[in-house]
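The values are calculated or read from the model by the stated rules, or taken from the named source; none is laboratory data. It should be emphasised that the depicted structure is a prediction, and the values quoted were computed from it without experimental measurement. Here Cβ is always computed from backbone atoms with ideal geometry, including for glycine, and neighbour counts include all displayed protein chains.
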Amino acid sequence: MIMGCGRVGSTLAHILEDNGHSVAIIDRDPQAFRRLRAGFRGRRVTGVGFDRDVLTEAGIETAAAYVAVSSGDNSNIISARVARETFGVDNVVARIYDPRRAEVYQRLGIPTVATVRWTADQILRRILPEGAEPLWRDPTGTVVLAEVTVNSTWIGTRVLDLESRARTRAAYINRMGEALVIADDTVIQEGDVLHVVAAENDMDRINKVLAAAPEEDH
């Protein structure tokens, strides 16, 4: 079930339907449903997404997941909380424009997507040098998933040994355009792009260690 038939909501509805899911979408403006393709088979419900009667009409009682992606932070979080706390939907996500609010709601147990912070991160990753901006950070900003530059002299080193040397945790390797899950015998090869999970305040140290040749790291 989706609240908000804007660009994000309609796109999600089409993707979910294409993947075989039954979809219901709610919007207070009936004209918003024009964004849905002509062949959309899901349920369209006009109303406010945190109104219990509207949610019931849309089928909230049998919903496997609920997504709130309207243009209003307050509407999204109220709707998400009603879905979670009143109707017991386990998989709930709310879009929040204000990242400070997102952190608060995340602590309340409502997974959020802070679009301003996410958009800024994506832009920075495209204009700054590799590894300058993380791929992902947790809502508190404490832990990040980041791409790191590895000195060519690490080629042939087991990733487990690299983790020990750099005192970090490798998440995965991008090898020739494909993500590779790290095994005990995985070694760094030429062209590998390494991604690590670490505390954000430790990334400068990790980058310095991996940018240097192993024998130079004492």
Legend entry - Hits in the range 62-100 (condition: closer than 17 Å to Gly47 by Cβ and of a type in the set (S, T, N, Q)): Ser70, Ser71, Asn74, Ser75, Asn76, Ser79, Thr86
Inset, instruction - Considering every residue within the range 19-28, establish whether at least one is crowded, with 16+ Cβ neighbours inside 10 Å, without any contact (Cβ under 8 Å) to a residue 24 or more places away in the chain and of a type outside the set (Lys, Arg). - result: yes
Inset, instruction - Give the residue that is surrounded by the fewest Cβ atoms within 10 Å (Cβ to Cβ), with candidates limited to residues of the range 176-196 that are of a type in the set (Val, Ile, Thr) and assigned to a loop (DSSP other than H, G, I, E, B). - result: Val181
Legend entry - Subset of the range 30-69 [assigned to a loop (DSSP other than H, G, I, E, B) and surrounded by fewer than 12 Cβ atoms within 10 Å (Cβ to Cβ)]: Arg37, Ala38, Gly39, Arg41, Ala64
Legend entry - Subset tally (residues that are crowded, with 17+ Cβ neighbours inside 10 Å and of a type in the set (S, T, N, Q)) for the range 1-18: 1
Inset, instruction - Scan (1) modelled with pLDDT of 90 or more; (2) within 16 Å of Asp202 (Cβ to Cβ); (3) within 19 Å of the chain's Cα centre (by Cα) for the single condition Ile173 breaks and write down its number. - result: (2)
Inset, instruction - State whether one or more residues within the range 121-134 are modelled with pLDDT under 80 and of a type in the set (Val, Ile, Thr). - result: yes
Inset, instruction - Could you list, in sequence order, all residues of the range 173-218 that are without any contact (Cβ under 8 Å) to a residue 60 or more places away in the chain and polar (S, T, N, Q)? - result: Asn174, Thr186, Gln189, Asn201
